[in-house]
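Asker: What follows is a single structure, and I will ask about it in a moment.
The values are calculated or read from the model by the stated rules, or taken from the named source; none is laboratory data. Bear in mind that the values here come from a model prediction, so they are computed numbers and not experimental data. Note that we place each Cβ from the backbone using ideal geometry, even for glycine, and neighbour counts take in every protein chain shown.
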Amino acid sequence: MNTRAHRYHPLLIGAHWLTLLLLVAVYATIELHGLYPKGSDAREWMKTWHSMLGLTVFGLVLVRLPLRLALHAPPITPAPPSWQRRSALAMDAALYALLLVLPLLGWLTLSAAGKEITFFGLQLPALIAPDRALGGSLEDIHEFIGELGYWMIGLHAAAALFHHHVMRDDTLQRMWPAHIAAARPSSSPLPLERIDS
């Protein structure tokens, strides 16, 4: 059996796990910044890294989207019901929207606040003119969607684990990095006689 045909392209696998690592760092920096007093260097450092890593996610998603469209998802074995496939597509679309909208809102918030938008030594342009009231509203929306992101990412992970341990299909295995996939059986998690029964 061609195991490559039953797994995502290595570029998509790498981009997926890199996005996860970046998201962990993005959320960690914004959660940890509250441990430091306002105006402190450490707090500002955390906020700067939060915005830079968020913009990195934005750039990565701009690369991922055309790759995702060009490199089709491998089929799930055994095939899930059609409603599950539709739900998975809707969740994928929602996650991509989250990964684009959140950094963009952050960029708009900093622009409206009249703050510098730095990106690893580069100075990015403001997207809108300074507007304190608008900046506050954008920040509130950014924080609300950020909180929603916890639930969406958690649901995405829970669904993958449900498919792996309960549905016993290869949904999760399709996205394993190559060295993990090589250490696992290339077939479905269940023996064929149990799948066919």
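Asker: Within the range 162-169, is there a residue that is at pLDDT below 95, in contact with a helix residue (DSSP H, G or I) (Cβ under 9 Å, 6 or more places away or on another chain) and of a type in the set (Phe, Trp, Tyr)?
Answerer: Checked the range 162-169: no residue is at pLDDT below 95, in contact with a helix residue (DSSP H, G or I) (Cβ under 9 Å, 6 or more places away or on another chain) and of a type in the set (Phe, Trp, Tyr).
Asker: So, one more: Of everything in the range 171-186, what is modelled with pLDDT under 70, in a helix (DSSP H, G or I) and over 22 Å from Pro80 (Cβ atoms)? Give them in sequence order. Don't jump to the end; show me each part of the working.
Answerer: Going residue by residue through the range 171-186, those that are modelled with pLDDT under 70 are 179, 181-186.
Pick out the ones that are also in a helix (DSSP H, G or I) and you get 179, 181-182.
Correct list: His179, Ala182.
Asker: I would also like to ask the following. Say we look at the range 133-154 and pick out the residues that are out of contact with any Phe, Trp or Tyr (no Cβ under 8 Å at 6 or more places or on another chain) and among the aromatic types (Phe, Trp, Tyr); which of these is surrounded by the fewest Cβ atoms within 10 Å (Cβ to Cβ)?
Answerer: Per the criteria, the residue is Trp151.
Asker: Let me confirm something: among Pro75, Pro103, which residue is of a type outside the set (A, V, I, L, M), touching a residue at least 40 places away in the same chain (Cβ under 8 Å) and not in a helix (DSSP H, G or I)? Break it down stepwise before answering.
Answerer: On the way: Pro103 fails: not in a helix (DSSP H, G or I).
None of the others qualify; the one that does is Pro75.
Asker: Taking Asp92, is it at pLDDT 95 or above and either in a helix (DSSP H, G or I) or within 24 Å of Ala158 (Cβ to Cβ) (or both)?
Answerer: Details: at pLDDT 95 or above: no; either in a helix (DSSP H, G or I) or within 24 Å of Ala158 (Cβ to Cβ) (or both): yes.
No; evaluated as a whole, the condition is false for this residue.
Asker: How about the range 20-47: which of its residues are among the polar types (S, T, N, Q) and surrounded by fewer than 17 Cβ atoms within 10 Å (Cβ to Cβ)?
Answerer: Within the range 20-47, Ser40 is the sole residue that qualifies.
Asker: What do you reckon, is Arg64 part of a helix (DSSP H, G or I), free of Cβ contacts under 8 Å to residues at least 24 places away in the same chain and in contact with a helix residue (DSSP H, G or I) (Cβ under 7 Å, 6 or more places away or on another chain)?
Answerer: Here the answer is no, as Arg64 does not meet what is asked.
Asker: Considering the range 81-129 alone, what residues qualify as being over 23 Å from the mean Cα position of the chain (by Cα) and not hydrophobic (A, V, I, L, M, F, W, C)?
Answerer: Once the filter is applied, which keeps residues that are over 23 Å from the mean Cα position of the chain (by Cα) and not hydrophobic (A, V, I, L, M, F, W, C), the range 81-129 yields Pro81, Ser82, Ser111, Gly114, Lys115, Glu116, Gly121, Gln123, Pro125.
Asker: Could I ask something else about it? Got a number for residues in the range 106-135 being under 18 Å from Ile30 (Cα atoms), without any contact (Cβ under 8 Å) to a residue 40 or more places away in the chain and of a type outside the set (A, V, I, L, M, F, W, C)? Give the derivation first.
Answerer: In the first step, residues of the range 106-135 are kept if they are under 18 Å from Ile30 (Cα atoms); the result is 106-110, 113, 115-120, 135.
Still in the list and also without any contact (Cβ under 8 Å) to a residue 40 or more places away in the chain: 108-109, 113, 115-116, 135.
Imposing the further condition that a residue be of a type outside the set (A, V, I, L, M, F, W, C) reduces the set to 109, 115-116, 135.
Of the residues in the range 106-135, 4 are under 18 Å from Ile30 (Cα atoms), without any contact (Cβ under 8 Å) to a residue 40 or more places away in the chain and of a type outside the set (A, V, I, L, M, F, W, C).
Asker: Can I ask one more? Let me confirm something: among Ala129, Ala157, Ala93, which residue is exposed (fewer than 14 other Cβ atoms within 10 Å of the Cβ) and more than 23 Å from Thr19 (Cα to Cα)? Give the derivation first.
Answerer: Numbers: Ala157 fails: more than 23 Å from Thr19 (Cα to Cα); Ala93 fails: more than 23 Å from Thr19 (Cα to Cα).
After ruling out the rest, the residue left standing is Ala129.
Asker: Of the conditions (1) surrounded by 14 or more Cβ atoms within 10 Å (Cβ to Cβ); (2) closer than 16 Å to Ala159 by Cβ; (3) of a type in the set (S, T, N, Q), Ser111 clears all except one; give me its number.
Answerer: Of the numbered conditions (1) surrounded by 14 or more Cβ atoms within 10 Å (Cβ to Cβ); (2) closer than 16 Å to Ala159 by Cβ; (3) of a type in the set (S, T, N, Q), the odd one out for Ser111 is (2).
Asker: Could you tell me whether any residue of the range 4-12 is among the charged types (D, E, K, R), over 13 Å from the mean Cα position of the chain (by Cα), closer than 28 Å to Thr171 by Cβ and part of a helix (DSSP H, G or I)? Talk me through it step by step, then tell me what you get.
Answerer: Step one: filter the range 4-12 for residues among the charged types (D, E, K, R), giving 4, 7.
Still in the list and also over 13 Å from the mean Cα position of the chain (by Cα): 4, 7.
Still in the running and closer than 28 Å to Thr171 by Cβ: 4, 7.
Now restrict to residues that are part of a helix (DSSP H, G or I): 4.
The answer is yes, given that some residue of the range 4-12 is among the charged types (D, E, K, R), over 13 Å from the mean Cα position of the chain (by Cα), closer than 28 Å to Thr171 by Cβ and part of a helix (DSSP H, G or I).
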